[in-house]
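The block underneath contains the structure these notes are about, expressed in structure tokens.
No value in this document is a laboratory result; all are computed from the given coordinates. Please read all numbers here as calculations on a predicted model, not as lab measurements. Positions of Cβ are backbone-derived with ideal geometry, glycine not excepted, and every protein chain shown enters the neighbour counts.
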Amino acid sequence: MALTKYKLGELIKPCELKNDELKYNIPDVKGISIQKIFIETKANMEGVSLKPYYLVQPDDFAYVTVTSRNGEKITLAHNTTDKTYIVSSSYIVFRVNRTDLLLSDYLFMYFNRPEFDRYSRFNSWGSARETFSWEDMCDMDIELPSIEIQQKYVDVYNAMLANQQSYERGLDDLKLTCDAYIEDLRRRMPCERIGKYIEPTDTTNVDLQYGINDVRGISIEKKLIETKADMEGINLSPYLLIQPNEFSYVTVTSRNGGKISIALNDSNKTYICSSSYVVFKSKDMEELLPQYLMLFFSRAGFDRYARFHSWGSARETFDWDNMCDVKIPIPDITIQKSIAEMYTVYNTRKRINERLKTQIKDICPILIKGSLEEN
């Protein structure tokens, strides 16, 4: 059977239903990440009217037209839940209207390919901001196999996705168990200021032993990440070393999604970070285990505490003195180690889960290619 070529605009239609009746509220507001998933909005929603927000109903797609400064990717997502979300009216919401010719899950697989990211970037236009407009989206050519073959490859994709999501739910249960241990300790024993157990480290990269590849930033997911800063012409000698088992955090907490960016270097490598960060370590790992302390920092309660105790006018900060005032239960080191081992397992599985997500995304072009060849 020959493939059939269409303009994508023949198969999809825009959805412009608005939240006129304010049926949906701030918890329903979503943003979109470059990983092509809906995420909690990072925008400041105080005083914002939600009436003009677009509804993203089950099986709808939404995307951001702006593609510049976006990691060479287009932010697009497919609502595969049974819930309705709302998104900014600057987004475009659409759905498949020719379901007899195109499955929405198959289209999402098509969008998940790096080829589509490259296509949308190449066909983006503008001066200050390059955009991939609705017209550009509709003008795209797409070759389709039969609906039966589409379903066959969608089933493979969804089976892999279901396995990954099942693994992720087990991950959440493990994190809940770790948090429960901490809560139990907080009830059973007094809490102590961590200031007596930690100390700042001010070792700088004076001899330039470490280069640009060793520079790290910190995400609100509380892990060290490759820096997103423009490092051209930057002098790395004042950068602070983050050695194994040392912590680094960003003191600024405003405009940070209510979270504090802090991470533990749990690798065997030494990294460097901006001198505006604070780097510190446990004075004695036989009294306070870094992995145990990181588990405490990973809790939502610590984020709330850090935001509440941040001070400033233009920028609110959680400085070193505030950090030293944090109180936690500090049990015997054997108990800390048993809890930390569980947390280490959680982090290991979390990394495996991220790899699974990447593999599922990477298989999309293979599935699309296979479906076309089979047809």
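Quick notes on this one:
- Here, P(r) means the percent of Cα pairs in each 5 Å bin from 0 to the largest distance; for the range 190-330 it is 2, 10, 20, 23, 20, 15, 8, 2, 0, 0.
- Rg followed by Dmax, in Å, when the range 4-144 is reduced to its Cα trace: 14.9, 49
- Note: the range 241-283, Cα convex hull, 78 Å³ per residue.
- Going by neighbour counts of Cβ atoms within 10 Å, the residues V87, V206, V64 line up, fewest first, as V206, V64, V87.
- Length-normalised contact order for the range 4-144 - Cα pairs under 8 Å, 6+ apart - percent: 34
- ³J(HN,Hα), Karplus 6.51/-1.76/1.60, whole Hz, each residue of the range 19-33, x for Gly, Pro: 7, 4, 8, 6, 5, 10, 10, 4, x, 8, 6, 10, x, 9, 9
- Among D141, D179, sorting on how many other beta-carbon atoms sit within 10 Å of each Cβ, with the fewest leading, yields D141, D179.
- Helix-only arithmetic for the chain: the sum of -39500 (n - 2.57) across DSSP H runs with n ≥ 4, divided by the residue total, places the mean residue ellipticity at 222 nm at -11500 deg cm²/dmol.
- Average Cα contact separation per residue, the range 190-330, under 8 Å, 6 or more apart, as relative contact order %: 33
- DSSP-defined beta bridges in the chain - what % are antiparallel, rounded to 5: 95
- Cα centroid of the range 108-174 to Cα centroid of the range 25-99, whole Å: 15
- Rg to Rh quotient for the range 192-256, alpha carbon positions, Kirkwood Rh: 0.99
- Loop-located GluC sites (Glu not before Pro) in the range 246-339 whose Cβ has at most 10 other Cβ within 10 Å (DSSP): E286
- Where the alpha-carbon atoms of the chain are placed on the principal axes, they occupy 71, 48, 44 Å, in descending order.
- Computed over the range 320-375, the ratio Rg/Rh where both radii use C-alpha atoms and Rh is Kirkwood: 1.42
- Nonlocal amide H pairs with I39, under 5 Å, H built at 1.01 Å: G31, I32, S33
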